[in-house]
Structure formats: structure tokens, C-alpha cells
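Every number here is computed from the coordinates shown, using simple stated rules; none is lab data. In this text the structure is predicted, and so the values were computed from the model without any measurement. Cβ: placed from backbone, ideal geometry, glycine included. Neighbour counts: every protein chain shown.
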Amino acid sequence: EADIYQTPRYLVIGTGKKITLECSQTMGHDKMYWYQQDPGMELHLIHYSYGVNSTEKGDLSSESTVSRIRTEHFPLTLESARPSHTSQYLCASSVGTAFSGNTIYFGEGSWLTVV
Amino acid sequence: QKEVEQNSGPLSVPEGAIASLNCTYSDRGSQSFFWYRQYSGKSPELIMFIYSNGDKEDGRFTAQLNKASQYVSLLIRDSQPSDSATYLCAVEEDFGNEKLTFGTGTRLTIIP
């Protein structure tokens with residue numbers, strides 16, 4: 001059972017607002033990720049981090065930004081939300097070994113609706 | 001562009017039967033393979049991973065890997081209605097590479 005928490009779970013905001021999606025994990029995992037998933041569609045990696053002060057963009061271009069100041073915390077920020085940002089955002093963390101590969105654990109997701 | 005292909009389904013299987021889910025991948029150098037289950041509106045949860053050719057069993061679930069043919073499959077024995085979900089295949093390029101490429105998922109429905 002993974003201990004990774006996301007807030008808010010559901011958010012409806014107006015266009016142009018700034019929002020931050022919070023993600024915290026208590027497992028001490030160095031690697032953390034943000035995925036975006038539209039209903040019924042595939043997961044797309046938008047950001048990842050190998051550790052404190054390390055952030056990289058993922059395979060899908062995103063207007064969001066992330067920061068990693070503490071190991072356990074990986075917030076995602078949208079400076080000016082638009083309706084096209086409406087989606088589910090999934091935070092994840094992982095521990096990898098030479099024998100198991102990189103096992104990713106997901107949070108419960110944040111559903112964002114921009115109106 | 002690394003690709004992971006799955007039949008989107010829906011795949012309908014009678015309760016008690018064996019459900020077979022397939023996944024192919026394009027990167028021959030891929031090392032680790034994962035199956036996630038995702039219920040509607042929920043986040044994916046890990047079912048099992050495999051990195052060696054052959055079969056790996058965990059309860060009612062069996063993962064099968066064939067690196068030469070570049071496919072990985074998941075068998076669910078004695079299917080239950082609670083198994084109805086979307087099953088995501090994910091592939092890691094190297095051990096500890098930190099990034100997984102996910103397929104679009106196969107929607108499985110178990111018919112009582």
C-alpha cells in the first residue's frame with residue numbers, strides 16, 4: 001500500500017486563475033511524477049523528478065510547472081488556468097531496484113475542471 | 001518514439017473463465033514490464049511486474065513475457081465481476097530508468 005496523497009481531489013475554477021495541486025508521499029521515495037489523464041484516455045507523463053532540486057519535463061508538453069524543495073513534496077502549479085487544462089492529474093512516486101525495475105505508485109488523483 | 005500497444009476492448013469474459021490481456025512494445029531494449037488495474041474514475045494500482053522471460057504467477061494473476069516477440073500478457077483465472085476494470089500495460093526501458101511508457105489500456109468486463 002503506497003502512502004501518496006493529493007489535494008484537492010476535485011477542483012472547479014475559473015479561467016485565468018492560478019492553482020496549485022499538492023502531492024506528498026511519506027515513503028521517502030526519491031522519484032516522483034505527474035501524469036495527466038483525460039477520461040478513458042492514456043496516461044501522459046508531464047513532469048518528473050529524481051530528487052530534491054531536480055525536475056524534468058515529461059513526454060507531453062504542459063503549461064504547468066513543478067518544484068521539488070523537499071523529498072516528500074512535489075506540487076504542480078498552473079499560473080493561468082484555461083479550459084484546455086481540464087483533466088485528471090495523477091501524482092506518483094517510485095522506488096526502483098535492479099531486480100524489480102521501477103515500481104510506480106499512484107495517488108488518488110486530482111480532478112481539475114476549468115470553466 | 002517508444003510505443004506500447006494494447007487492444008482497447010472492451011473485452012467481455014464470463015465469470016469464472018480466464019481473461020487474457022495482451023500488450024506489445026516497440027523498444028527491443030525494454031527491461032521491465034508492469035500491469036496496472038484502473039477502475040473507472042480511480043487511479044491505477046499495480047498488479048504485478050515481470051522482467052524475465054516466461055511466466056510469473058501471483059494468485060489468480062499470471063504475467064507472461066516473451067522478449068523475442070516483444071509481447072507481455074496478463075491472464076486472470078477464475079474471473080470475478082470485481083475484475084472489471086481497465087488494465088494498463090507499462091514498459092520501462094532499463095532497470096531504474098525511472099520512466100514508464102503506458103499503453104492506452106484494455107477495458108475488461110466480467111459478465112456474471
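Here are the numbers for this structure:
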| read-out | value |
| --- | --- |
| The protein assembly as shown: radius of gyration over Cα atoms, expressed as a fraction of 2.2 N^0.38 Å | 1.02 |
| Distance histogram for chain B (every C-alpha pair counted, 10 angstrom bins, percent rounded to whole numbers) | 15, 49, 30, 6, 0 |
| Furthest towards positive pole of dipole, B:N22, B:L11, B:Y39, structure part chain B, Cβ charges | B:L11 |
| Loop sites in region A:8-115: chymotrypsin sites (Phe, Trp or Tyr not before Pro), DSSP, at most 11 other Cβ within 10 Å | A:F99 |
| Aspartates and glutamates whose Cα lies under 17 Å from that of B:K67, excluding same-chain neighbours fewer than 8 positions away | B:E3, B:E5, B:D27, B:D55, B:E92, B:E93, B:D94 |
| Under DSSP loop assignment and at most 15 Cβ neighbours within 10 Å, longest GluC sites (Glu not before Pro)-free interval of chain B | B:16-112 |
| Sites matching trypsin sites (Lys or Arg not before Pro) across region B:24-107 that sit in DSSP coil, with at most 12 neighbouring C-beta atoms within 10 Å | B:R28 |
| For chain A, alpha-carbon Rg and Dmax in angstrom | 13.6, 46 |
| Cα gyration tensor shape for region B:1-54, rounded if a/c is under 1.5, else prolate or oblate | prolate |
